[in-house]
């Protein structure tokens with residue numbers, strides 16, 4: 001029985017405690033199962049699946065038989081399931097509770113741990129390690145061949161050029177790198193926590209019917225000052241969608257209090273920008289439904305200059321047409337205020353998205369009002 005358990009061990013690198021906040025519950029007997037809508041970037045298709053079946057790999061954290069880190073090969077899996085993931089749930093409850101503004105040091109620590117662990121445990125980090133390993137080993141091989149040395153040593157293992165092709169050496173080096181990742185990535189999380197210990201929290205809640213995406217690589221890192229991919233820079237901002245309505249921004253800002261949750265409303269423009277980063281940094285799977293993706297793509301099309309000018313022309317016509325129509329006064333006012341800013345050169349892509357979602361929301365309200 002134990003042997004079978006080890007052979008079918010599926011381990012989530014994006015935990016189910018996170019994924020279910022984007023899903024729909026289905027009752028099966030005495031159990032509640034959670035299902036999410038998914039867009040597959042590689043195929044351009046949508047599907048619905050149980051969260052048990054996505055963002056997981058066989059034995060992703062299971063330690064090797066010869067590990068010296070612990071006697072229990074599943075110790076990393078147990079740390080996540082028994083300690084860190086319950087911590088994420090407590091953090092989530094705090095962040096999405098509109099009444100909570102001030103937090104304790106302990107609660108702050110749990111929020112940081114609950115969020116930052118999603119960075120270090122992701123396969124995208126392992127892929128970066130593999131790329132870096134291949135570059136390093138390739139350079140060592142080339143240098144040794146030029147010097148006439150008959151082999152290369154990497155991570156205390158000797159490889160002769162007579163017995164190994166370059167690709168064989170690369171593959172073996174990747175095995176060593178994967179083992180090191182499994183054993184040490186929790187230490188990487190600790191280092192992330194220590195470096196970003198003074199970062200501040202801002203929770204944004206969408207209020208216009210738009211929705212946040214998430215993905216198989218949910219913690220998004222952005223930087224307007226540096227292109228360095230290293231996460232240990234104070235200029236790094238981290239954003240994560242908590243559910244379809246809430247997102248969290250973690251950033252260094254000396255103007256803000258440390259143990260406070262800064263909460264604000266956001267519009268479709270913020271969602272569009274956040275979702276653009278999600279699509280860019282996701283590996284393959286984006287958690288969203290077809291209608292939300294189509295809405296995003298429609299708005300994304302407005303971002304080239306030709307389409308933008310067409311859109312502005314249409315908005316001007318609508319504003320003129322609706323003048324004097326009391327029922328349409330609210331959406332007309334939103335569009336008119338946008339045009340005034342646009343004509344002064346004071347708008348950006350986010351303003352366009354916010355205007356679109358505000359008018360869409362108001363239009364829906366008008367339809368509902370008519371149907372009462």
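If you check 250, 220, 240 for being more than 30 Å from residue 46 (Cα to Cα) and touching a strand residue (DSSP E or B) at 6+ places or on another chain (Cβ under 6 Å), only one passes: 250. Can you tell me which residue is modelled with the lowest pLDDT among those in segment 282-299 that are surrounded by fewer than 17 Cβ atoms within 10 Å (Cβ to Cβ) and closer than 27 Å to residue 122 by Cβ? It comes out as 297.
Just one of 245, 340 is free of Cβ contacts under 8 Å to residues at least 40 places away in the same chain and either out of contact with any strand residue (DSSP E or B) (no Cβ under 9 Å at 6 or more places or on another chain) or surrounded by 12 or more Cβ atoms within 10 Å (Cβ to Cβ) (or both); which is it? Unique residue meeting the criteria: 340.
The helices (runs of 4 or more DSSP H) falling completely within segment 1-120 that include 1 or more residues that are farther than 29 Å from residue 291 by Cα map to 2-7, 75-79, 85-95, 105-120.
Filtering segment 101-129 to residues that are closer than 16 Å to residue 247 by Cα and either loosely packed, with under 15 Cβ neighbours inside 10 Å or without any contact (Cβ under 8 Å) to a residue 12 or more places away in the chain (or both) leaves only 101.
Residue 189 fulfils the conditions (1) in a helix (DSSP H, G or I); (2) in contact (Cβ under 8 Å) with a residue 40 or more places away in the chain; (3) more than 23 Å from residue 235 (Cβ to Cβ) except for a single criterion, (3). Among the candidates 327, 309, the residue that is at pLDDT below 80, touching a helix residue (DSSP H, G or I) at 6+ places or on another chain (Cβ under 7 Å), in a helix (DSSP H, G or I) and surrounded by fewer than 16 Cβ atoms within 10 Å (Cβ to Cβ) is uniquely 327. The number of residues in segment 258-289 being touching a helix residue (DSSP H, G or I) at 6+ places or on another chain (Cβ under 9 Å) and without any contact (Cβ under 8 Å) to a residue 40 or more places away in the chain comes to 1.
Out of 129, 135, one residue alone is at pLDDT below 95, under 39 Å from the mean Cα position of the chain (by Cα) and in a helix (DSSP H, G or I). It is 129. Take the residues of segment 130-144 that are out of contact with any strand residue (DSSP E or B) (no Cβ under 9 Å at 6 or more places or on another chain) and free of Cβ contacts under 8 Å to residues at least 40 places away in the same chain: which is farthest from residue 278 (Cα to Cα)? Restricting to residues being out of contact with any strand residue (DSSP E or B) (no Cβ under 9 Å at 6 or more places or on another chain) and free of Cβ contacts under 8 Å to residues at least 40 places away in the same chain, the top hit is 142. Applying a threshold of 7 Å to beta carbon distances and a minimum spacing of six or more residues, or different chains, the list of pairs starting in segment 157-171 at a residue that is surrounded by 16 or more Cβ atoms within 10 Å (Cβ to Cβ) and ending at one that is part of a strand (DSSP E or B) reads 159/151; 159/152; 169/152; 169/159. Would you confirm whether any residue within segment 199-210 is modelled with pLDDT of 95 or more, loosely packed, with under 14 Cβ neighbours inside 10 Å and over 30 Å from residue 40 (Cα atoms)? No, there is no match, as no residue in segment 199-210 is modelled with pLDDT of 95 or more, loosely packed, with under 14 Cβ neighbours inside 10 Å and over 30 Å from residue 40 (Cα atoms).
Within segment 38-59, the set of residues being farther than 29 Å from residue 178 by Cβ and in contact with a helix residue (DSSP H, G or I) (Cβ under 7 Å, 6 or more places away or on another chain) comprises just one member, 46.
The values are calculated or read from the model by the stated rules, or taken from the named source; none is laboratory data. Nothing here was measured: the structure is a model prediction, and the numbers come from that model. Every residue, glycine as well, gets a Cβ built from its backbone with ideal geometry; the counts of neighbours run over all protein chains shown.
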